[in-house]
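Reviewing the structure listed below.
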Amino acid sequence: MYKVLLIEDDNMVGDMSTMYLSEEGYAVKRAANGKEGMLQLEQFQPDLIILDIVLPDVNGIDLCMELRKVSPVPILAVSMRTDVLDRVDALVAGADDYLCKPFSMRELTARVAALLRRTHMNPQDYAYQSMPLLKLMEDGDPVTLDYERRAIFVNQQFVETTYSEFEIMKLFVVNKEKVFSRDELINALRGIDSFVNDRSIDVHIANLRKKIEHDPKEPKLIKTVWGIGYKYMGGSS
């Protein structure tokens, strides 16, 4: 049974979320503020954290950064704030996904399930035995995608990615050396990432470079095409 830590000060949202997640088979522990959330992180050892960005005692973005420093578990940020900059700030602070209030309980449980599914894939058991089944790129390309399991391998090593990062990478590898404008990447994520914009695309690209590039500051795989957007070079660079 997966354990979910819910850091939420709104009693109505907290009670409803706890009820629905419990009905889906999760063990849920709720904390009403940031201080209690940090304490429960140590005591409860959750598999996933749902973090309200607006809390009574701490700044939720700061708390997200503190949580990320001490724990690798996925963080789903939730907030009444719908401004794109708030969402980008949460992603930069370490959140894996962002959900705007009000949200449906069905969407909440779907987001939780998706984050846990990606996080708890066992790379050691699965990386090498699955390789022959993958759609391999041409020789010399260090990046391989498993479309069925939505997994990315770099030099045959599994790397964790968010849903949006995988979609961008899939677009890149099947259209090698094609230049994608930011608008094209935004359109590709419509319906997956409701609040995507130019800045969040840049955040996704920066995160992908950290995960697949040997030196993210001098990228060889995902190139910036100044004034236009990005292109994927694969093993040709």
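Quick check on residue 176: is it surrounded by fewer than 16 Cβ atoms within 10 Å (Cβ to Cβ), at pLDDT 85 or above and not in a strand (DSSP E or B)?
Details: surrounded by fewer than 16 Cβ atoms within 10 Å (Cβ to Cβ): yes; at pLDDT 85 or above: yes; not in a strand (DSSP E or B): yes.
Judged against the criteria, residue 176 is a match.
Report every pair of residues separated by at least 6 positions or lying on different chains whose Cβ atoms are under 6 Å apart, first residue within region 214-233 and closer than 15 Å to residue 165 by Cα and touching a residue at least 24 places away in the same chain (Cβ under 8 Å), second among the hydrophobic types (A, V, I, L, M, F, W, C) and assigned to a strand (DSSP E or B).
230/180; 230/222; 231/225; 232/222
Yes/no per residue for (1) under 16 Å from the mean Cα position of the chain (by Cα); (2) in the same structural domain as residue 200 (by TED's automatic domain parsing); (3) of a type in the set (A, V, I, L, M, F, W, C):
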position	(1), (2), (3)
36	no, no, no
43	no, no, no
54	no, no, yes
85	no, no, yes
106	no, no, no
115	yes, no, yes
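Within region 19-28, take every residue that is in contact with a strand residue (DSSP E or B) (Cβ under 8 Å, 6 or more places away or on another chain) and surrounded by fewer than 18 Cβ atoms within 10 Å (Cβ to Cβ) and give me the one that is farthest from residue 75 (Cα to Cα).
Applying the first criterion (in contact with a strand residue (DSSP E or B) (Cβ under 8 Å, 6 or more places away or on another chain)) to region 19-28 yields 21-22, 26-28.
If we keep only those that are surrounded by fewer than 18 Cβ atoms within 10 Å (Cβ to Cβ) too, we end up with 22, 27.
Details: 22: 18, 27: 16 Å.
Checking each candidate, the answer is 22.
Only one of these is at pLDDT below 85, surrounded by 15 or more Cβ atoms within 10 Å (Cβ to Cβ) and either under 19 Å from residue 90 (Cα atoms) or not assigned by TED's automatic domain parsing to the domain that holds residue 91 (or both): 164, 194. Name it.
Sole residue among the options that is at pLDDT below 85, surrounded by 15 or more Cβ atoms within 10 Å (Cβ to Cβ) and either under 19 Å from residue 90 (Cα atoms) or not assigned by TED's automatic domain parsing to the domain that holds residue 91 (or both): 164.
Being exposed (fewer than 15 other Cβ atoms within 10 Å of the Cβ) and either part of a loop (DSSP other than H, G, I, E, B) or modelled with pLDDT under 90 (or both) is the requirement here; does residue 152 meet it?
Numbers: exposed (fewer than 15 other Cβ atoms within 10 Å of the Cβ): no; either part of a loop (DSSP other than H, G, I, E, B) or modelled with pLDDT under 90 (or both): yes.
Spelling it out, it is not the case that residue 152 is exposed (fewer than 15 other Cβ atoms within 10 Å of the Cβ) and either part of a loop (DSSP other than H, G, I, E, B) or modelled with pLDDT under 90 (or both).
Which residue pairs have Cβ atoms under 8 Å apart, sit 6 or more places apart or on different chains, and have a first residue in region 157-176 that is touching a residue at least 40 places away in the same chain (Cβ under 8 Å) and farther than 20 Å from residue 98 by Cβ and a second that is of a type in the set (Ser, Thr, Tyr) and part of a helix (DSSP H, G or I)?
Final answer for the pair search is 176/236.
Quick one: residue 111 ticks every box in (1) within 29 Å of residue 205 (Cα to Cα); (2) touching a helix residue (DSSP H, G or I) at 6+ places or on another chain (Cβ under 8 Å); (3) crowded, with 20+ Cβ neighbours inside 10 Å bar one, so which box is it?
With respect to (1) within 29 Å of residue 205 (Cα to Cα); (2) touching a helix residue (DSSP H, G or I) at 6+ places or on another chain (Cβ under 8 Å); (3) crowded, with 20+ Cβ neighbours inside 10 Å, residue 111 is out only on (2).
Checking the structure you have, find out if any residue of region 132-143 is surrounded by 14 or more Cβ atoms within 10 Å (Cβ to Cβ), modelled with pLDDT under 80 and of a type in the set (Asp, Glu).
Here is the first cut: in region 132-143, the ones surrounded by 14 or more Cβ atoms within 10 Å (Cβ to Cβ) are 134, 137, 141-143.
From what's left, modelled with pLDDT under 80: 134, 137, 141.
The next check asks that each one be of a type in the set (Asp, Glu); those that pass are 141.
Checked region 132-143: at least one residue is surrounded by 14 or more Cβ atoms within 10 Å (Cβ to Cβ), modelled with pLDDT under 80 and of a type in the set (Asp, Glu).
Conditions tested, residue by residue: (1) touching a strand residue (DSSP E or B) at 6+ places or on another chain (Cβ under 6 Å); (2) under 16 Å from residue 163 (Cβ atoms).
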position	(1), (2)
46	yes, no
57	no, no
66	no, no
75	yes, yes
85	no, no
90	yes, yes
98	yes, yes
107	no, yes
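Of the numbered conditions (1) under 15 Å from the mean Cα position of the chain (by Cα); (2) within 20 Å of residue 200 (Cα to Cα); (3) crowded, with 21+ Cβ neighbours inside 10 Å, residue 92 fails exactly one; give the number of that condition.
Failing condition for residue 92: (3).
Go through 86, 15 for me and flag whichever is of a type outside the set (Phe, Trp, Tyr), surrounded by fewer than 22 Cβ atoms within 10 Å (Cβ to Cβ) and within 24 Å of residue 210 (Cα to Cα). So that I can check it myself, show each step before the final result.
Details: 15 fails: within 24 Å of residue 210 (Cα to Cα).
So the residue among 86, 15 that is of a type outside the set (Phe, Trp, Tyr), surrounded by fewer than 22 Cβ atoms within 10 Å (Cβ to Cβ) and within 24 Å of residue 210 (Cα to Cα) is 86.
The values are calculated or read from the model by the stated rules, or taken from the named source; none is laboratory data. As the structure is a prediction and not an experimental result, all values here were calculated from the model. FYI the Cβ positions are ideal-geometry reconstructions off the backbone, even for glycines, and counts take in every protein chain you see.
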